[in-house]
C-alpha cells in the first residue's frame, strides 16, 4: 500500500488516496506506476507511463498544471519504475478538521460505492493524454 501525497494525478488520484500496488508487475502504456524520482532517488512518485522510449519510460502526471514529470526530467530508466498501481482506496471523509468520520447510511453508502476502484489504463486516461 502506498499513500498519494500531492495533486499531480488529479482527477484519477487525489491527495490522501491509498494505492494497492504490484511491485515488479509488467508495465504497459497507460498504466499508473510508482517510480523513483530520477533526481531524488529516495523519493517515490506516482505517474502514468505514457510510452516506452529508448532507455525507459516517458511518464506524465494526469494534472498538467502540477508538473514534475518527464517534461522536466526526461525518460525514466526502466529499473526506476518499481510497481504498477492496481487499485485505489479513497479514505472515508471526516466531519471537518480530521476529527470523526461522516455518519449516516446515505453518506456511508456513497463513500463505499466510490472508495475502492481499480486503476486501469483504458478507463483512467485523463483528457490530457487523450488529446495527444
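Since every read-out is calculated from the coordinates, none of them should be taken as a lab result. Every value quoted in this text rests on a predicted model; they were computed, and no experiment measured them. Heads up, the Cβs are rebuilt from the backbone with ideal geometry, glycines too, and the neighbour counts pull from every protein chain shown.
Across segment 2-122, the relative contact order, built from alpha-carbon pairs under 8 Å that are at least six residues apart, equals 28 percent. Between residue 25 and residue 5, the C-beta separation translates, for a Förster distance of 35 Å, into a calculated FRET efficiency of about 0.95. Using a simple spin-label model with pseudo-atoms 7 Å out from Cα toward Cβ, residue 15 and residue 65 lie 1.3 nm apart.
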